[in-house]
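I have placed the structure first, in the form of structure tokens, so that the comments after it can refer back to it.
The values are calculated or read from the model by the stated rules, or taken from the named source; none is laboratory data. What you see is a predicted model; the values in this text were computed from it and never measured. Using ideal geometry, Cβ is built from the backbone for each residue, glycine included, and neighbour counts are taken over all protein chains shown. With ligands, DNA and RNA removed, areas are computed over all heavy atoms of the protein, side chains included. Shrake-Rupley method; radii C 1.70, N 1.55, O 1.52, S 1.80 Å.
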Amino acid sequence: MAKTNIAVLGAQWGDEGKGKIVDMLTPHFAAVARYQGGHNAGHTVYVQGTKFVLHLIPSGILHPGVACVIGNGVVVDPQALFKEVDELAAMGIGVDGRLRVSEKAHVILPYHRELDVLSEARRGERKIGTTSRGIGPAYEDKIGRRGIRVCDVLGDRAALAEEVRENVSARNQIIRETTLDWQPVFERLVADGERMRPWVGDVSLFLHQTMAAGGAIMFEGAQATLLDIDHGTYPFVTSSNASVGGICTGLGVPPRAIGGVLGVAKAYTTRVGEGPLPTELFGEIADRLRDTGQEYGASTGRPRRCGWYDAVVVRYSARINGLDAIALTKLDVLDDLAEVMICTGYRTDAGILTEFPADLRLLAGAEPVYERMPGWSSPTKGVTRFEELPAQAQRYIRRLEEVSGVGCAVISTGSDRAETIVRGDSIVAGWFAKS
Ligand code: GDP
């Protein structure tokens, strides 16, 4: 068992391979807790050749005995949750007794998806590139103080009917082309609530009790720091706080419960959807990264935009989240390249920037300042010891550490649990020592 609670979160624009890292570290923890986002997240985990794709349920579910928590900061689409539960059941994994859903989590209603599609259509050229799963509109209702929480679904029926009627009426005023009847929405919600009931509870209390009993918790981030509603590339972001700040509000735990923060970063950069990506590549190298790295979204299948490692971004993430260490993933994807590049700054109209700017217009015309390094042109796939990596790959990682200002404690060299280096002298090894 770990000695401390840690957070594992995305240090770039998502899809860094958090699922694999969370899965690999789970045996050290009593519980894994999601604090934000919805089923727009997609974690792909391979265990001995079997592929698991998880959207809402923490990837810790793949380990027997580990509690999996969906916090109040998450928005829950009951249908999406049931689909995932059923798929896990078909693969022999039961969730009863292990899954806990916060009674304060807000629910996604069927018309939230319609509103998502409508809002993207209205933005036209300036569309965000959302997954159109209703996540953003559900958060809008939450902040607008008209959302419906899981405890409301399980509570007084007449009050719930009233809330659903008012919300559906508001929806009918926005989408005038079709009129939605509130009653089927209400009935569906009541039925969904009954199926969820055994999993629902006070998640904050559960986590506090787990900690009091000496159990360690892993806080699992979805999306990533550059997609954070406050610290990301606004407005091309997700609707929640994916950075470390979301943990306290999204689970009801105090800041001192977070004993360490592990940022997950790819050895290069990808982004799905719209918005700036300063190191974006086009042409042959982009295609190679996309094909070798299988850079297609786990939730939507969309091809991801690919670029070189951006140290400005990772340094920024390190500052926002207080990263103690990086888990560097997908090193093996770079194996065949003759040359690799690292972005250390942006050349802009306002001079060379070495800190990530808030104003996206500065980024739009930015030209990355690159350092070139020779590639290693030999396989790293499956390597489990740092010293066994090709010398040039070791040099690349050391340079990433210098320019990002954070050590790479974990290095992933393939999608399987076993294809991982955990550096013995790193802070991460210290977290688990003598545990
Ligand atoms: P997440 O949302 O951050 O968990 O990321 P995704 O699951 O969307 O994407 C990560 C993908 O990369 C998954 O298909 C993983 O199996 C895969 N992956 C993770 N680590 C590695 C690695 O070190 N090498 C390779 N080749 N693939 C990896």
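Within the full protein context, the accessible area of W182 is estimated at about 50 Å² for a probe radius of 1.4 Å. If the segment from K381 to R395 were pulled out straight at 0.36 nm per residue, it would be longer than the present Cα-Cα gap by 3.3 nm. For helix 110-123, what angle does its Cα long axis make with the longest principal axis of the chain, in degrees from 0 to 90 and rounded to 10? Value to nearest ten degrees: 50.
Each Lys and Arg contributes +1 and each Asp and Glu -1, all at the Cβ; summed about the Cα centre of the stretch 338-435, the dipole is approximately 280 debye.
Have a look at G97, G38, G275 and tell me which one the Gaussian network model of the chain (Cα, springs below 10 Å) gives the largest fluctuation. Highest fluctuation among the options: G97. Each Lys or Arg adds one and each Asp or Glu subtracts one; over the other residues with Cβ under 12 Å from the Cβ of A311, this totals -3. Diffusion coefficient of the chain by Stokes-Einstein, Kirkwood radius over Cα pairs, 4 °C, 1.567 mPa s: 58 µm²/s. Just L81, L99, L205 to compare: in a GNM of the chain, with alpha carbon springs under 10 Å, which one fluctuates most? Between L81, L99, L205, it is L205 that shows the largest mean-square fluctuation. With respect to the chain, whose longest principal axis is taken over its alpha-carbon atoms, helix 311-321 is tilted by about 50°.
Which entries of K83/K381; K83/K104; K51/K104; K51/K381; K142/K266; K104/K266 have Cα-Cα distances beyond 28 Å here? Pairs exceeding 28 Å: K83/K381; K51/K104; K142/K266; K104/K266.
The residues of the chain present an accessible area of 40 Å² per residue when probed at 1.4 Å with all protein chains retained. Comparing Cα centroids, the stretch 89-110 and the stretch 323-395 end up 38 angstrom apart.
Where is the GNM fluctuation largest for the chain (alpha-carbon springs, 10 angstrom cutoff): S317, S415, S377? Comparing S317, S415, S377 in a Gaussian network model of the chain, the most mobile one is S377.
Restricting the stretch 370-414 to trypsin sites (Lys or Arg not before Pro) that sit in a DSSP loop and have at most 13 other Cβ atoms within 10 Å of their own Cβ leaves K381, R385.
Going by accessible surface with a 1.4 Å probe and the largest first, D77, D156 read D156, D77. Ligands, DNA and RNA left out, the accessible area of the chain computed with a 1.4 Å probe is 51% carbon and sulfur. Cα-based values for the stretch 303-435, radius of gyration first and Dmax second, are 16.0, 53 Å. Treating cross-link reach as a plain straight distance, find the lysines whose alpha-carbon is under 18 Å from the alpha-carbon of K3, omitting any fewer than eight places away in the same chain. List returned: K434. Of all aspartates and glutamates in the structure, those lying under 12 Å Cα to Cα from K20, and not within fewer than 8 positions of it along the same chain, are E220, D416, E419.
Accessible area per residue (1.4 Å probe, heavy atoms of protein chains only) ranks D310, D152 as D152, D310, with the largest value leading. Note: relative contact order over the chain, using C-alpha pairs below 8 Å and six or more positions apart, is 20 percent. Between 0 and 90 degrees, rounded to the nearest ten: what's the tilt of helix 157-174 against the longest Cα principal axis of the chain? The answer is roughly 70 degrees.
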